[in-house]
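Enquirer: One structure, pasted below without further comment.
The values are calculated or read from the model by the stated rules, or taken from the named source; none is laboratory data. Everything numeric here is computed off the predicted structure, so don't read it as measured data. Here Cβ is always computed from backbone atoms with ideal geometry, including for glycine, and neighbour counts include all displayed protein chains. Ligands, DNA and RNA are stripped out before the accessible areas are found, and what is left, the full protein with its side chains, is counted by its heavy atoms. Shrake-Rupley method; radii C 1.70, N 1.55, O 1.52, S 1.80 Å.
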Amino acid sequence: MLNHPSITKIVWFTNLAIAATAFTTPHNKRCTRSICNPLFQQSEETVADTVTTNTPQKPLWMKCINAVVPSKVTALNEAVAMVANVSREEANNLIEMGAVWAKMDLLTDDDVLDQYYGSDYSANIQYADFPSGWGAGNDGLNEREEEEEESLDDYIERQMSLRYRRILTPSTIEPGTDIRVYPHPRRFPSCYEFADQNRLLYEDTTFVVVDKPPMLPTQPEPSNYEECCPGCVNLLMGPFTTIEGEPVQRPLICHRVDSCVGGCVVLSKDGNGQKVFTDLQRQRKIKKLYKAVTTEPVPLGMHVHWMWKPLVARGQVGGTACQFVSHIPPISRKKAKSWIRCVLEVVECKPISIDENAGHGYNPGDKQHYQSTIRLVTGRKHQVRAQLASLGCPLIRDTLYEPIAGLTLEKLEEEASEEVMDEAMTRVRVPTEPIGLQAHAILFAGVKAKAGTPWWGKDEAVDGVSTASKAATITETTDPYADYTTTASGMKYLIIKEGEGAAPSAGSTVKAHYTGWLDGFDSQKKFDSSRTQGRPLTFKVGTGQVIRGWDESFSTMKVGERRKIILPSRLGYGDRGAGNIIPGGATLYFDVELLDIF
């Protein structure tokens, strides 16, 4: 078994590539420094002229202006108008979009905790300019690292130096305050596709799952707080309410999906749901399915590759824009600590045709295209894109990984390959169009969601009958509840786990887990779940504290028993229903478990 390339070679290659990829940094590190006075303000054109001819020109949205609010100026919009050379009205628009920042002298404990957990989205002042891996504009494919998470203490120590906070409402400001203004915010028109309510895939009291359109970031950009996944979901699909009935000011992102990738994105209505999702993620209890399109067939089976850990660590800044992987495992457990294992399984790869007249702007030419179904076992930054490219099967339109197709880290040991890699890195570009990848489906804690048709078109029919049609035919010809017992009241139940403890008597206090659905078990209409929330329910049996069907079911269960129950509306919420979630006359489907009796 060969050894990995030496650390010095990887660091050398990383440093070599930084100049070629500097333009991919989420925001400009070389902001203009000025006093809020036209006589002292350096123009953006001057900054642009200082860039060497060897450095790619940065787009306008990456440029920002740093300034100090002068004496006698206390209105934020006035200071912004002076800095950006715009009208007061335009300054207000920049503020409300989230393109204005102020530097604070002190961070309170609550400020840092809110920033770490991301739970206080109702405040008018918000953090950002997080390093890559933490924040705005990150192109990470998935979620937070599953191994060796940064501790809260380490995070607090590192973040104390980051004191710029986003100002979201026109307000007063102290003279002498440092401010940062992005005069040309980056815009994401695709966010308004959330006006289509079909993009709301799932909602319960804790989670919201949406079908994110491509070319939309999951998290805010430094220059744009509103046009991102949580901002537009809240604006166009809300209002949402928590399990306590409180309004949700802004949903919280549970994981990340690349801007250029569409598909399933999970948001939480509160911080507790966000933590539950993270715990499930660490325990590998979240199942994800991707659809990928390439011009080369992808080998079926399990693929295990390795990423160099320092390049994908959360909070890491700089380095290559794309992720190289190694196909050779570390030679020892000690060396493996510097590497991250990436695992995915290609379960299907079939040839497809793409209609160039479908309005997506992609010209397939005369090349054969292949659509692969991929089960993601681990979730790493750019994992699907990097692994498929290393196999010589880059995704269509993926300009970040097409130039490095077939190149792996172990090739750094070959002298001739260094120049090839160096040349390839000069051609990588962050995609400006949707790439051939969709986060097709996600399953966790009883939640199931599947995205709609990807931008490249529908799956081809099989034998003239689609999979959905076959499933419908089977459902129509069989009774899915034939094995259930029906009681005199009309309740149906099926014991799926036998209990060995005692049965509760009337008035006994019990502790139970439950999940409830409309339209059948495991449907997309799950309306409540104690398992998702991580909080079992406690109540007295037979006293009317819960719906009639629950009193009947739990009175005949034993501790440890788990069963599925189907309740007609008269045993549930009747003709009146319950709020905006359960309509009148609804049949309820529950998975319940008796945990304890007090």
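Enquirer: Tell me, please, whether a residue that is of a type in the set (A, V, I, L, M, F, W, C), surrounded by 19 or more Cβ atoms within 10 Å (Cβ to Cβ), part of a helix (DSSP H, G or I) and under 23 Å from the mean Cα position of the chain (by Cα) can be found in the range 395-416.
Expert: Of all residues in the range 395-416, those of a type in the set (A, V, I, L, M, F, W, C) come to 395-396, 400, 404-405, 407, 409, 412, 416.
If we keep only those that are surrounded by 19 or more Cβ atoms within 10 Å (Cβ to Cβ) too, we end up with 395-396, 400, 404, 407, 409, 412.
Of the ones still in play, those that are also part of a helix (DSSP H, G or I) are 404, 409, 412.
Narrowing further to those that are under 23 Å from the mean Cα position of the chain (by Cα): none.
Within the range 395-416 (the criterion being of a type in the set (A, V, I, L, M, F, W, C), surrounded by 19 or more Cβ atoms within 10 Å (Cβ to Cβ), part of a helix (DSSP H, G or I) and under 23 Å from the mean Cα position of the chain (by Cα)), the answer is no, since none of the residues qualifies.
Enquirer: Right, next: Can you tell me which residue within the range 399-446, out of those that are touching a Ser or Thr at 6+ places or on another chain (Cβ under 6 Å) and among the charged types (D, E, K, R), is nearest to P329 (Cα to Cα)?
Expert: The qualifying residue nearest to P329 (Cα to Cα) is E410.
Enquirer: With S190, S259 as the choices, which residue is outside any loop (DSSP other than H, G, I, E, B), over 23 Å from A79 (Cβ atoms) and small (G, A, S)? Spell out how you get there, then give the answer.
Expert: Values: S259 fails: outside any loop (DSSP other than H, G, I, E, B).
None of the other options fit; the residue is S190.
Enquirer: Suppose we keep only residues that are more than 18 Å from E226 (Cβ to Cβ) and charged (D, E, K, R) within the range 77-104. Which one would you say is most open to solvent (accessible area, probe 1.4 Å)?
Expert: R88
Enquirer: Right, next: Mind checking which residues of the range 251-294 are over 17 Å from Q383 (Cα atoms) and surrounded by fewer than 21 Cβ atoms within 10 Å (Cβ to Cβ)? Give the steps one after another, and end with the answer.
Expert: Going residue by residue through the range 251-294, those that are over 17 Å from Q383 (Cα atoms) are 251-254, 266-280, 283, 285.
Correct list: D270, G271, N272, K275, T278, D279, L280, Q283, K285.
Enquirer: Hey, another quick one. (1) touching a residue at least 40 places away in the same chain (Cβ under 8 Å); (2) at negative phi: which one isn't true of G263, the others all being true?
Expert: Here G263 clears every test but (2).
Enquirer: Any residue at all in the range 330-343 that's crowded, with 17+ Cβ neighbours inside 10 Å, modelled with pLDDT of 95 or more and of a type in the set (V, I, T)?
Expert: Checking the range 330-343: not a single residue is crowded, with 17+ Cβ neighbours inside 10 Å, modelled with pLDDT of 95 or more and of a type in the set (V, I, T).
Enquirer: Looking at the range 189-235, which of the residues that are at pLDDT below 95, open to solvent by 10 Å² or more (accessible area, probe 1.4 Å) and of a type in the set (A, V, I, L, M, F, W, C) is farthest from L437 (Cα to Cα)?
Expert: By that ranking, first place goes to L235.
Enquirer: Also: Of the residues V248, V347, only one is surrounded by fewer than 22 Cβ atoms within 10 Å (Cβ to Cβ), modelled with pLDDT of 90 or more and over 26 Å from P434 (Cα atoms); which? Break it down into steps so the answer makes sense when it comes.
Expert: Details: V347 fails: over 26 Å from P434 (Cα atoms).
None of the other options fit; the residue is V248.
Enquirer: In the range 292-326, how many are at pLDDT below 85, of a type in the set (S, T, N, Q) and under 21 Å from E402 (Cα atoms)?
Expert: Qualifying residue count for the region: 1.
Enquirer: Please specify each residue of the range 351-375 satisfying the condition of being open to solvent by less than 50 Å² (accessible area, probe 1.4 Å) and either part of a loop (DSSP other than H, G, I, E, B) or basic (K, R) (or both).
Expert: I354, H360, Y362, P364
Enquirer: Acidic (D, E), in contact with a Ser or Thr (Cβ under 8 Å, 6 or more places away or on another chain) and either at pLDDT below 90 or part of a loop (DSSP other than H, G, I, E, B) (or both): which single residue out of E174, E157, E147 fits that description?
Expert: Numbers: E157 fails: in contact with a Ser or Thr (Cβ under 8 Å, 6 or more places away or on another chain); E147 fails: in contact with a Ser or Thr (Cβ under 8 Å, 6 or more places away or on another chain).
Of E174, E157, E147, the one residue that is acidic (D, E), in contact with a Ser or Thr (Cβ under 8 Å, 6 or more places away or on another chain) and either at pLDDT below 90 or part of a loop (DSSP other than H, G, I, E, B) (or both) is E174.
Enquirer: Checking R531 against (1) part of a helix (DSSP H, G or I); (2) over 32 Å from the mean Cα position of the chain (by Cα), which test does it fail?
Expert: R531 satisfies all of (1) part of a helix (DSSP H, G or I); (2) over 32 Å from the mean Cα position of the chain (by Cα) except (2).
Enquirer: Another question, then. Condition check: more than 27 Å from the chain's Cα centre (by Cα) and farther than 19 Å from T206 by Cβ. Does A512 satisfy that? Talk me through it step by step, then tell me what you get.
Expert: Numbers: more than 27 Å from the chain's Cα centre (by Cα): yes; farther than 19 Å from T206 by Cβ: no.
Spelling it out, it is not the case that A512 is more than 27 Å from the chain's Cα centre (by Cα) and farther than 19 Å from T206 by Cβ.
Enquirer: Can you list residue pairs whose Cβ atoms sit under 7 Å apart, with the first residue in the range 171-187 being open to solvent by 40 Å² or more (accessible area, probe 1.4 Å) and the second being among the small types (G, A, S) and assigned to a loop (DSSP other than H, G, I, E, B)? Count only pairs 6 or more apart in sequence or on different chains.
Expert: Sorted first by the residue in the range 171-187, then by its partner, the pairs are P175/S71; R186/S223.
Enquirer: Report, ordered by the first and then the second residue, all pairs with beta carbons closer than 7 Å, sequence separation of six or more or different chains, a first member in the range 400-411 that is within 15 Å of K381 (Cβ to Cβ) and in contact (Cβ under 8 Å) with a residue 12 or more places away in the chain, and a second member that is open to solvent by 30 Å² or more (accessible area, probe 1.4 Å) and part of a loop (DSSP other than H, G, I, E, B).
Expert: Within 7 Å, the pairs are L400/R429; L400/V430.
Enquirer: Can you find a residue that is over 33 Å from the mean Cα position of the chain (by Cα), open to solvent by 50 Å² or more (accessible area, probe 1.4 Å) and without any contact (Cβ under 8 Å) to a residue 24 or more places away in the chain anywhere in the range 576-584?
Expert: yes
Enquirer: Scan the range 205-218 residue by residue and report those that are within 28 Å of D528 (Cβ to Cβ) and in a loop (DSSP other than H, G, I, E, B). Lay out the reasoning, then the answer.
Expert: Step one: of the range 205-218, the residues within 28 Å of D528 (Cβ to Cβ) are 205-212, 218.
Scanning the range 205-218 gives T205, T206, T218.
Enquirer: Just the residues that are crowded, with 21+ Cβ neighbours inside 10 Å and over 17 Å from S223 (Cβ atoms), please, taken from the range 59-76.
Expert: Of everything in the range 59-76, just one residue is crowded, with 21+ Cβ neighbours inside 10 Å and over 17 Å from S223 (Cβ atoms), namely V69.
Enquirer: F590 fails exactly one of the following numbered conditions: (1) touching a residue at least 60 places away in the same chain (Cβ under 8 Å); (2) outside any strand (DSSP E or B); (3) more than 12 Å from V510 (Cα to Cα). What is the number of that condition?
Expert: Here F590 clears every test but (2).
Enquirer: Name the residue, out of G534, G560, G520, G549, that is open to solvent by less than 50 Å² (accessible area, probe 1.4 Å), touching a helix residue (DSSP H, G or I) at 6+ places or on another chain (Cβ under 6 Å), in contact (Cβ under 8 Å) with a residue 12 or more places away in the chain and among the small types (G, A, S).
Expert: Details: G534 fails: open to solvent by less than 50 Å² (accessible area, probe 1.4 Å); G560 fails: touching a helix residue (DSSP H, G or I) at 6+ places or on another chain (Cβ under 6 Å); G520 fails: touching a helix residue (DSSP H, G or I) at 6+ places or on another chain (Cβ under 6 Å).
Unique residue meeting the criteria: G549.
Enquirer: Look through the range 487-517, keep the residues that are open to solvent by 40 Å² or more (accessible area, probe 1.4 Å) and assigned to a loop (DSSP other than H, G, I, E, B), and return whichever of them is farthest from Y573 (Cα to Cα).
Expert: Step by step, filter the range 487-517, then rank; the result is E500.
Condition check ((1) of a type outside the set (D, E, K, R); (2) modelled with pLDDT under 90) across all residues:
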| position | (1), (2) |
| --- | --- |
| K540 | no, no |
| L571 | yes, no |
| D591 | no, no |
| F598 | yes, yes |
